[in-house]
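What follows is one structure encoded as structure tokens, with my remarks underneath.
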Amino acid sequence: MGIIEAKDLVHEYYRRDEEGNVESIETAVDHVNLSVQPGQFISILGHNGSGKSTLAKHINALLLPTEGTLLVDGKDTSVEANELSIRKNAGMVFQNPDNQIIASVVEEDVGFGPENIGVPTEEIWTRVEKALKSVGMWEYRTHSPNRLSGGQKQRVAIAGVMAMEPKCIILDEPTAMLDPDGRKEVIKTAHELNRTKGVTIILITHYMEEVVDSDYVYVMEKGSVVMKGTPREIFSQVDALKQYRLDVPQVTLLADELRKAGMDIPAGILTREELLEALCH
Amino acid sequence: MSLILDHVSYTYSVGSGYEVKALNDVNLKIEDGEFIGIIGHTGSGKSTLVQHLNGLIQATSGTIYYNGADIYDKDYDRKELRTQVGMVFQYPEHQLFETTVFEDVKYGPKNQGLDDKQATLRAFEALQKVKFPEENYDASPFELSGGQKRRAAIAGVIAMKPAVLILDEPTAGLDPKGRDEILGLIREMHDKSGITIILVSHSMEDVANYVDRIIVMEKGAPLFDGAPREVFANYKKLEEIGLAAPQVTYLMHDLYDQGYPVDPQATTVEEAKQEILRVFGNR
Ligand SMILES: Nc1ncnc2c1ncn2[C@@H]1O[C@H](COP(=O)(O)OP(=O)(O)OP(=O)(O)O)[C@@H](O)[C@H]1O
Ligand SMILES: Nc1ncnc2c1ncn2[C@@H]1O[C@H](COP(=O)(O)OP(=O)(O)OP(=O)(O)O)[C@@H](O)[C@H]1O
Ligand SMILES: [Mg+2]
Ligand SMILES: [Mg+2]
């Protein structure tokens, strides 16, 4: 059994006018089935409004299913008694680093989550130390988060989630606001946590380059999962992806263009090393 | 017609003990009708710089001339300046505040003194240009997906038909097709109406594909200023300051280093493709 099991998951948003009358109903997640094994690194792609964030918010019970079920580590999110244990097991990191910082000192910020779920004080500090070390921000423990770069702020946000020792971390466009360096830092940190601590990672992004090292990629469109496979399987389908408003990494696109122009280059090239190899041999 | 920055410096929180020198003696000239990209790592001063251009932030020292007039002159109409130099903020949440998306987009034109009918037309036109989904025109700006908020914020500014359009990371959070649509729209507005575009971006690929001139900010001042090919030729220096060149530029350098006579300065997929086809022929 997977750590995340979505079965025919549906989420409808009800839009109401000022008097509270329902004006419209929007099906943001439409019968999604998803099974994520512990320790996997999963990415979710999809056009704006395709339902990625709505799906993600179900995984830590910020939203509840309208229909269908979602199990996190075997626990049904729609059962109220499970809420605390689900929040402990699935941590979220959002797009805007500034909206996630609460305290005025880095270590207090990281300690906030565990304190909130009732971890005893002495243990909080050992967890904070471990979390900050695992994202490479231990030297900054006494700094003010407001004076960190965007990439550093996001790593502190990840440490804050880590300190709750979740089995699973959901990153919802964690790099959208970052410069190239910060982007690399955050993706590298996510992979390290996945590799060394076995944390299950769900990454949502609009940057195709960031998902090439995932185990599986899911593509959403209008609330449904329409493609699923390894990055190589997904990115060999350039035309299908474009139809879903997506793209491929720049080198994959270049390789594809060269192949279309008659050069002998294999499909599904994902990195610049692979393209170099294909060109030079 | 131009924007001139004359020895502009800016310090946040002067006298608080937490002073941050965000701009350091910036001298720049932006000509009418240019398409400029501004890049730089986080905290290098990009947002601070562009907020000076429409008078939202006033320089601690130095001055700015818009079409020859000193915008800090006591008789200068800075309210008018703000409608001529339109600004799409880095975080769309900071500029969406009306109860519906449509009202939000109408706000700018109404504020410019247009009557309700004209403002409504402008709002329709702008929302259609940014391909905002029609069924959400009456939604609250807070009930939108991330990319929809971004489109609404952009529509709100282009509805004012500014002469200079500043966009601070307009494509953050947009899906790939949406990035191309918005940048294509901006390019089209530039080409057709001749408006000046200033685009702040963290995407080296987008900047390489769309702008004519890149200004690289570092520690509060321009470090490089030139055409994309010239600027990205300094990719090693760019990496030292937290930036990068587009992915294809690296590939071209790899090929060049292995002895293939390609032009290592190609910055777009199209340029790289032409160069590779030229050198490798039809193997
Ligand atoms: N709070 C809300 N109330 C009503 N509708 C909402 C709300 N949040 C999102 N929606 C709608 O649900 C749909 C899915 O939104 P969601 O935020 O899940 O998309 P997304 O895939 O994360 O998009 P993006 O890439 O733009 O972040 C959209 O059409 C959106 O308008
Ligand atoms: N309101 C403020 N008060 C104090 N310091 C500030 C404020 N806004 C920005 N700063 C500081 O000024 C410097 C320049 O910030 P600015 O926002 O212009 O950078 P940026 O290049 O736009 O960065 P990013 O890529 O993260 O958006 C940074 O050191 C920043 O911390
Ligand atoms: Mg989202
Ligand atoms: Mg900025």
Checklist entry - Which helices (runs of 4 or more DSSP H) sit wholly inside region A:85-192 and have at least 1 residues that are among the hydroxyl-bearing types (Ser, Thr, Tyr)? => result A:121-134
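Determine whether B:His7 is part of a strand (DSSP E or B) and touching a residue at least 12 places away in the same chain (Cβ under 8 Å).
Details: part of a strand (DSSP E or B): yes; touching a residue at least 12 places away in the same chain (Cβ under 8 Å): yes.
Against the criterion (part of a strand (DSSP E or B) and touching a residue at least 12 places away in the same chain (Cβ under 8 Å)), B:His7 qualifies.
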Item to check | Members of region B:180-211 that are closer than 23 Å to B:Glu93 by Cβ and facing chain A (nearest Cβ under 8 Å) | outcome: B:His202
Checklist outcome for this item: If you go through B:Glu98, B:Glu93, the only one that is within 16 Å of ligand 3 (Cβ to nearest atom) and more than 27 Å from B:Lys192 (Cβ to Cβ) is B:Glu93
Next on the checklist: Quick test of your reading of the structure: B:Gly146 fulfils all but one of (1) away from ligand 3 (no atom under 16 Å from the Cβ); (2) within 25 Å of A:Gly20 (Cα to Cα); (3) buried (at least 21 other Cβ atoms within 10 Å of the Cβ). Name the failing condition by number.
Outcome noted: (1)
Item to check | Selection count, region B:263-276, where residues are at the interface with another protein chain (Cβ under 10 Å from one of its Cβ atoms), under 13 Å from A:Leu279 (Cβ atoms) and without any contact (Cβ under 8 Å) to a residue 24 or more places away in the chain | outcome: 2
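Within 16 Å of ligand 1 (Cβ to nearest atom), touching a residue at least 12 places away in the same chain (Cβ under 8 Å), of a type outside the set (Asp, Glu) and away from every other protein chain (no Cβ under 12 Å): which single residue out of B:Ala123, B:Ala155 fits that description? Let's see the steps before the verdict.
Details: B:Ala123 fails: within 16 Å of ligand 1 (Cβ to nearest atom).
So the residue among B:Ala123, B:Ala155 that is within 16 Å of ligand 1 (Cβ to nearest atom), touching a residue at least 12 places away in the same chain (Cβ under 8 Å), of a type outside the set (Asp, Glu) and away from every other protein chain (no Cβ under 12 Å) is B:Ala155.
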Item to check | Given (1) without any contact (Cβ under 8 Å) to a residue 24 or more places away in the chain; (2) buried (at least 20 other Cβ atoms within 10 Å of the Cβ); (3) at the interface with chain B (Cβ under 8 Å from one of its Cβ atoms), number of the condition A:Ile269 does not satisfy | outcome: (3)
Next on the checklist: Out of the residues in region A:272-281 meeting the condition of being out of contact with any Leu (no Cβ under 8 Å at 6 or more places or on another chain) and closer than 17 Å to A:Val212 by Cα, tell me which one is nearest to the other protein chains (Cβ to nearest Cβ).
Outcome noted: A:Glu273
Checklist entry - Pick from B:Arg82, B:Arg78: which is at pLDDT below 95, touching a Gly at 6+ places or on another chain (Cβ under 6 Å) and either more than 16 Å from ligand 1 (Cβ to nearest atom) or hydroxyl-bearing (Ser, Thr, Tyr) (or both)? => result B:Arg78
Checklist entry - Among B:Leu23, B:Leu49, which is the only one that is within 30 Å of B:Gly184 (Cα to Cα), buried (at least 18 other Cβ atoms within 10 Å of the Cβ), within 13 Å of ligand 4 (Cβ to nearest atom) and away from chain A (no Cβ under 14 Å)? => result B:Leu49
Item to check | region A:217-251, residues that are assigned to a strand (DSSP E or B) and surrounded by 20 or more Cβ atoms within 10 Å (Cβ to Cβ) | outcome: A:Val217, A:Tyr218, A:Val219, A:Met220, A:Val225
Next on the checklist: B:Leu251 - would you say it is hydrophobic (A, V, I, L, M, F, W, C), over 23 Å from A:Gly262 (Cα atoms), free of Cβ contacts under 8 Å to residues at least 24 places away in the same chain and within 10 Å of chain A (Cβ to nearest Cβ)?
Outcome noted: no
Checklist entry - Since B:Leu174 meets every condition but one in (1) at positive phi; (2) within 16 Å of ligand 1 (Cβ to nearest atom), which condition does it not meet? => result (1)
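Can you tell me how many residues in region A:204-229 are within 24 Å of A:Leu9 (Cβ to Cβ), in contact with a Ser or Thr (Cβ under 8 Å, 6 or more places away or on another chain) and more than 16 Å from ligand 1 (Cβ to nearest atom)? First the steps, then the outcome.
Initially, region A:204-229 is screened for residues within 24 Å of A:Leu9 (Cβ to Cβ), giving A:204-206, A:211, A:214-229.
Checking which are in contact with a Ser or Thr (Cβ under 8 Å, 6 or more places away or on another chain) leaves us with A:204-205, A:211, A:214-218, A:220-223.
In the following step, the residues that additionally are more than 16 Å from ligand 1 (Cβ to nearest atom) were identified as A:214-216.
The total comes to 3.
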Next on the checklist: Every residue in region B:212-248 that is over 22 Å from B:Leu53 (Cβ atoms), assigned to a loop (DSSP other than H, G, I, E, B) and more than 14 Å from chain A (Cβ to nearest Cβ), please.
Outcome noted: B:Ala233, B:Asn234
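Inside region B:123-151, can you point out the residues that are outside any helix (DSSP H, G or I) and aliphatic (A, V, I, L, M)? Lay out the reasoning, then the answer.
So the first thing to find is which residues in region B:123-151 are outside any helix (DSSP H, G or I), and the list is B:130-133, B:137-140, B:144-145.
Selection gives B:Val130, B:Ala139, B:Leu144.
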Item to check | Subset of region A:128-176 (residues that are over 13 Å from A:Ile201 (Cβ atoms), crowded, with 20+ Cβ neighbours inside 10 Å, more than 14 Å from chain B (Cβ to nearest Cβ) and among the hydrophobic types (A, V, I, L, M, F, W, C)) | outcome: A:Val128, A:Ala131, A:Leu132, A:Val135, A:Met137, A:Ala157, A:Ala159, A:Ala163, A:Met164
Next on the checklist: Considering only region A:214-221, I want to know if a residue exists there that is within 8 Å of chain B (Cβ to nearest Cβ) and either more than 16 Å from ligand 4 (Cβ to nearest atom) or within 25 Å of B:Thr268 (Cα to Cα) (or both).
Outcome noted: no
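The values are calculated or read from the model by the stated rules, or taken from the named source; none is laboratory data. As the structure is a computational prediction, the values presented were derived from the model and not from experiment. Virtual Cβ from ideal backbone geometry, glycine too; neighbours counted across all protein chains shown.
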